[in-house]
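Encoded as C-alpha cells, the structure appears first; notes follow it.
The values are calculated or read from the model by the stated rules, or taken from the named source; none is laboratory data. The model shown is predicted, which means the values in this text are computed figures rather than measured ones. Cβ atoms come from the backbone with ideal geometry, glycine included; neighbour counts cover every protein chain shown. SASA here: full protein model, heavy atoms, side chains in, ligands and nucleic acids out. Shrake-Rupley method; radii C 1.70, N 1.55, O 1.52, S 1.80 Å.
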Amino acid sequence: MATHLLRNGATSWLLRNCISRQATLRRCLHVTSSLDKTVSFNLSDIGEGIREVTVKEWFVKVGDTVEQFDNLCEVQSDKASVTITSRYDGKITKIHHSIDEIALVGKPLVDFDVLDEEGDDAEDSSSSSSTSSGSSSSETESQATGAAASCTGGRVITPATPSVRRLAKEHQLDLAKVPATGKHGRVLKGDILEFLGQVPPGTNVPHPTLVAKKPVASVPAAAAAPVAVPADRVEVLKGVRKAMLKSMTESLKIPHFAYSDEIDMTQLIQFRNQLQAVAKENGVPKLTFMPFCIKAASIALSKYPIVNSSLDLASESLIFRGAHNISVAIDTPQGLVVPNIKNCQAKNIIEIAKDLNALVERGRTGSLSPSDFADGTFSLSNIGVIGGTYTHPCIMAPQVAIGAMGRTKAVPRFNDKDEVVKAYVMSVSWSADHRVIDGVTMASFSNVWKQYLEQPALFLLN
C-alpha cells in the first residue's frame, strides 16, 4: 500500500501519517529491491476435452509490452483455432514455445514482468509479520486490517494497476464499487468493462484466491448432498461383439459406394395378404415382406452374377458363386448376427420363409451353429423393423454387395392418370465394392429387384 502511495506522489502524506509511528510504519511500508515480478501465463483450458494444442502464430515477441486482452498467439487444436489473449499488463520476458510446437493445457505459455502484481501479497506478509507468533489466523487478519486502516486514515484502497485506475477515472468510476476478479481482490480491466456493460456478464472468471475465500453459505441438506456418479467399467469384448470387431475392421478396408431407391410396395401388400392363408397351411404363421425381398434378390443375382461373387486379393481374381446363400441380419439378445439362407435360387417364397423363421428362432435361443454363418454370398438387412429409412450398410468381406431396406410408409403419389393416390413406399440402400462393381451394374441389379417387388405376379414365373 505504501508502495502505491509513493508511486502516486503522496510522499508527504506518508511521512506525516506514518513516520511518526514507527510500529505502524513497519506494518505499512514494505521495501523491496525490485517492484517487478515474473509471472508465468499458463495455457488455460479451452474446452471440448482438449489437452494439447499446436502454436500456429505469435503476435508478440520477447521485450514487447502488452495490456490485458491483447492478443498473444494463435493455437490450433484438432477441432478449432483459438486466439489466446493476455490476462496481465506487463512486459514479455520469455516465450516457452516456438511456432508448430505442442503446448500443453495448464503449462506455461509466456512469462511476464508484471508491475505491482504482488502488492497484496506484500501487504499481507508485512502485516502478518508484526503479529505475535501465538496469535490465531483470525487475530492476524484483524490486526492487518487495522494497520491498513490506520495508514489510510480509515480509507480502503482497492488494488489495481495504474492503467486500470486510469480507465476507471476516464469513466468516473469508484473502483470500490466494481466487483473484482483478480488475485486477492485486484480489479482488472475486464472487471471495469463488464461493470460498464461492454462485455457480457460472466466473461471474467474469478481468481482461485477469491473462490477459496468465499464464505460457505448454509444450504439445505438436499442441495448439499453430492450427486452420485456411476463408476466407469471396462468390459472385454467377446462373443458377437468380438466377431463384429474383426468383421467390421475388414469391412472398412473395402471402398464402398452407395446407391438408393424407393419401392412402391402397394401391390406386394395385397399379394402377400392373399398368400397368408396358404402360408399358414404350410407352416408359416405370418408371412412377412422379407421372403419376397430375398427371392427377388436371388432372381436379380441370376441376371447379374458379379454381385454374387467374392474377391480374392491374393490372386487378384473374382470367384463367382453358384449358390445364392443370402445372409440376413437378425437382432438377438446376444447382438446382431448375420446367418444365411442356403440355396435361395432353388427355393420358393414359402420355403425361404420357413428357413428364415427357423434362423430367427435359433438366433433368439442362442442355438445358431457355425454352418449357419458359413459361405454367405450376398447380404440383406431390414432396418425398417426398427424404424429407419435410409442407411449406408457395411459390406461383409469377402462379399461384394449388401442391401438394407427401410421402413414402409404411406405417402401420396401420382398414378398413371396424374391422380394423387395413397401409396406404400419402402426405401432401399445398397452398398457395393467399387473395386469390382460399377454404378451401372448396381443400379441395373436394383431395378430388377424393384420390378419383382412392385409387380409381385412375376414371382409366378420363378
- [ ] Find, among the chymotrypsin sites (Phe, Trp or Tyr not before Pro) in region 282-347, those assigned to loop by DSSP (not H, G, I, E, B) with at most 13 other beta-carbon atoms within 10 angstrom.
- [x] none
Task: Between region 264-312 and region 353-411, the Cα center-to-center distance that results, in Å - done: 13 Å
Open item on the list: Test of the criteria: in region 222-312, which GluC sites (Glu not before Pro) are in a DSSP loop and have at most 15 other Cβ atoms within 10 angstrom of their Cβ?
Closed with: E235
Task: 20 Å reach of a label modelled at N273, 7 Å along Cα-to-Cβ, counting backbone N of region 293-325 - done: 293
Task: Förster radius 30 Å - calculated FRET efficiency between N447 and K280, Cβ distance, rounded to 0.05 - done: 0.35
TODO: Could you look at region 285-417 and say what percent of its accessible area is carbon and sulfur, using a 1.4 Å probe and all protein chains?
DONE: 56 percent
Task: Label point distance in nm, L313-T38, each placed 7 Å from Cα along Cα→Cβ - done: 5.6 nm
Task: Amide hydrogen neighbours beyond the local backbone of E52, cut-off 5 Å, H modeled - done: V105
Task: region 331-462: C-alpha gyration tensor shape, a/c 1.5 cut-off, then a/b vs b/c - done: prolate
Open item on the list: Cross-link candidates for K56: which lysines have Cα within less than 19 Å, leaving aside residues fewer than 8 places away along the same chain?
Closed with: K79, K94, K107
Open item on the list: Quick check: pseudo-label points 7 Å beyond the Cα along Cα→Cβ at L237 and F257, how many nm apart are they?
Closed with: 3.0 nm
- [ ] Could you pull out every one of the lysines with an alpha carbon less than 28 Å from that of K347, ignoring same-chain neighbours closer than 8 positions?
- [x] K280, K286, K295, K303, K450
